[in-house]
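Please read the structure below before turning to the comments.
The values are calculated or read from the model by the stated rules, or taken from the named source; none is laboratory data. Quick caveat, the model's predicted, so the values are computed rather than measured. Cβ placement follows ideal geometry from the backbone for every residue including glycine, while neighbour counts extend to all protein chains displayed. Keep in mind that these areas ignore ligands, DNA and RNA; they rest on the heavy atoms of the full protein, side chains included. Shrake-Rupley method; radii C 1.70, N 1.55, O 1.52, S 1.80 Å.
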Amino acid sequence: MGALEKQRHILDFTLSSLGRRKGKNIALIIVYTFVIFLLASVLFLTDSLKKEASQILQDTPEMTVQRLVAGRQDLIPVHYIEAIKQIKGVQSVTPRLWGYYYDARSGANYTLMVNAELNDHAGEIIIGTGVSMRNATSMPNHAVWKNDVLPFKTYDGSVVPLKVKGFLSSSSELVTSDLVLVSEADFRKIFPIAKDHATDLVLKVRNGKELATIAAKITQIHPDCRPILREDILRTYNAVFDWRGGVILMVLAGGFFAFIILAWDKATGLSAEEKREIGILKAIGWETSDILLMKFWEGAAVSLTAFFMGIFLAYLHIFLASSILFEPFLKGWSVLYPHFRLTPYVNGYQIAVLFFLTVIPYTVVTIVPSWRSATIDPDSVMRM
Amino acid sequence: MILQRKSDVFFSSLAVGVLLMCLIFLDAAVSQRLDREVVRERREIVRVLELTDLCLFTEARYTRHPSMADLHTPFQDHPLALEHFPSGSVMAIPPHLKLQDSGE
Amino acid sequence: MIHLQDIRKVFNAGKPNEFVAIQGVNLSIDSHGATALKGPSGSGKTTLLSLLGCMARPTSGRITLQEREITSLPERFLTAIRRETFGIIFQQFNLIKGITALENVMLPAYPTGAKHASLKKRAMALLDLMNIADKADAKVEWLSGGETQRTAIARALINNPAIIIADEPTAHLDTALSREFMEIMRQLKNEGKTIVIASHDPIAYASDVIDRVVEMRDGILVSHEDVT
């Protein structure tokens, strides 16, 4: 009871004391909130992308086989299928035809992909939202209409006009934004890929447990092949959006440490006035521990305020404002950038990481430098 | 009741902060439930079109299809290659490239 | 009440700027009286006062407070004794700027964990006693000299100490305020408090409130005389 009341008394005093340098402390809280906001935004964004990837790539092909020539992915001869089909446990092997197409008109890279359903409809395409938006010729942001014709340049310089037959749903933009689905005939017209070659092969197997064995057999039969398993893909996305790995974290860490130095400087440079105050408090009966308690509350008050505000703003930023501040950064040089709304994903781990990265160090940095001042002799104030 | 003590004001704002955190978790849980259908739809498209990657960055092969990226071309297509600064800095190195780096 | 026995206090011991502030002081201060420590600046008054008030420890010698040896007590106990037994009034009053008079008065009681409501009531009663209750919510830098002085006295009284220690309380006051200060000291003495004032101001040490004058010079007690 008395101990609790004491904490509140000391907190009362700390808050009064902080209120004296209102402008400075508010500025500090704003900067600090911004640091936490950035950190939390990165964490929320990468984690929800990771979550999204792990969910929607559940049904990605079980195994993709690509061929490597001189260290690069190369076209795979279709006759490779025969031997692979013979491996026990392989249900089906189908060739995939896809590649990148640079559209000089819109200045964007598309992913052209052959879709079997279009094979009977040569001359027609189905496009993703990004492609559609990008081809808005007359009016900005005006999407392409159905039956509009888009010209595609072939490898030999001629032009193939392809009619837009349909659109991929905008809710699937996260995976389909830059897709142009074409018929095999049109694909081979645009790219110089011979009939007996494909981009890669997609396998279905009877038993998922045999994937590794099958992959090993494939590399035995065709040593120039590289099998990519579904779990590799999922693992890739898990690693690619790891907030601890990206350079963005280094950038943030730089900013963060600059802030630590700033905070340290502020706290270590205890002014003569502050030191005198500590002396007075000690002389009138405050213990060293009371002074440290006061400093603890000072750090906790500033950092907790910034912590809650920063996290809340980051949540609004990422999930309600679609990471608007990060957009130029995330877009990079991609001309097509999907406008997707991420499903919010938060967990206790993120909050704990943010807490240990922000509140704890700030509070420590506030307390530690006052240690020396807190142990000054109470009579020092008499001698001043 | 008027908050008379500064510590009361502080504890109330802490409570508001904790409440905001709870709201965040609540909103996330509700949204996940509401988005279930959309996720299913995306999953279906991935299955039907045999897609392997998220369409986030279209400027380079390894950013458009990180899981399909080349295995043996660390310089041209390394995710940390400086010429691909913006997206390369958001993405980390895919594990198969890391394995290669460590000589495995 | 307080007994000083062969007290010696050295600052910066062992360093080139070593300096002996107090040498061989023996002194007893009885309850319910007012004692003045008189002497020029640098005579060791303030040092003696901080030893009396448990703010510093002597280099050698023994101090007993109410039959209790306190020189060897750990810091924590010393702080508790200081808080509960002594009310200290500093030379420049040393109020904490930027916060209200009321908060300043309540400050010494914060570590005791007293209930807020009763503590506030006690502080208001003290401010009322000092006739400055209407200034309770004013920031201390807005107070006049007299009001600052009264706030400082109220702060010294908040933990209801048995002993009031004042270091050159009249040094920055005009004659009227200095006399007023001594009047308040008289009231406190009449209430049964023990008062120790260090001063070289005749208004203070020659006041009829003072029962006993102890003169110091160069860290040594020169004389004590009982005024009454």
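A few points about this structure:
- Positions within the stretch A:168-218 being aromatic (Phe, Trp, Tyr) and in a helix (DSSP H, G or I), in sequence order: A:Phe187
- Helices (runs of 4 or more DSSP H) within the stretch B:1-84 that include 2 or more residues at pLDDT 90 or above and within 30 Å of A:Phe312 (Cα to Cα): B:6-34, B:36-49
- Taking the stretch A:1-119 as the region of interest, the strands (runs of 3 or more DSSP E) fully inside it that hold 3 or more residues being among the hydrophobic types (A, V, I, L, M, F, W, C) are A:63-69, A:108-114.
- Take the conditions (1) outside any loop (DSSP other than H, G, I, E, B); (2) at pLDDT 90 or above; A:Tyr362 misses just one of them, which is (2).
- For the stretch A:93-113, the set of residues classified as facing chain B (nearest Cβ under 10 Å) and buried (at least 19 other Cβ atoms within 10 Å of the Cβ) consists of A:Arg96, A:Trp98, A:Ala108, A:Asn109, A:Tyr110, A:Thr111, A:Met113, listed by residue number.
- Failed criterion for A:Asn119 (all others in (1) at pLDDT below 90; (2) surrounded by 16 or more Cβ atoms within 10 Å (Cβ to Cβ) hold): (2)
- If the condition is being of a type in the set (Gly, Ala, Ser) and surrounded by 15 or more Cβ atoms within 10 Å (Cβ to Cβ), then the stretch A:16-31 contributes A:Ser16, A:Ser17.
- Members of the stretch C:60-92 found to be touching a residue at least 60 places away in the same chain (Cβ under 8 Å) and either under 30 Å from C:Ser144 (Cβ atoms) or open to solvent by 70 Å² or more (accessible area, probe 1.4 Å) (or both), listed by number: C:Gln66, C:Arg83, C:Glu84, C:Phe86, C:Gly87, C:Ile88, C:Ile89, C:Phe90, C:Gln91, C:Gln92
- Of the candidates A:Asp59, A:Asp74, A:Asp47, A:Asp12, the single residue that is within 14 Å of chain C (Cβ to nearest Cβ) and among the acidic types (Asp, Glu) is A:Asp12.
- Single unsatisfied condition, A:Phe340 versus (1) within 16 Å of the chain's Cα centre (by Cα); (2) surrounded by fewer than 20 Cβ atoms within 10 Å (Cβ to Cβ): (2)
- In this structure, C:Ile99 does not satisfy being in contact (Cβ under 8 Å) with a residue 60 or more places away in the chain and either within 9 Å of C:Arg155 (Cα to Cα) or within 7 Å of chain A (Cβ to nearest Cβ) (or both).
- Taken over the stretch A:360-381, the criterion of being in contact (Cβ under 8 Å) with a residue 60 or more places away in the chain and among the β-branched types (Val, Ile, Thr) is satisfied by A:Thr363, A:Val364, A:Val365, A:Thr366, A:Ile367, A:Val368, A:Thr375, A:Ile376, A:Val381.
- Matching residues, the stretch A:273-313, being away from chain C (no Cβ under 14 Å) and aliphatic (A, V, I, L, M): A:Ala300, A:Ala301, A:Val302, A:Leu304, A:Ala306, A:Met309, A:Ile311, A:Leu313
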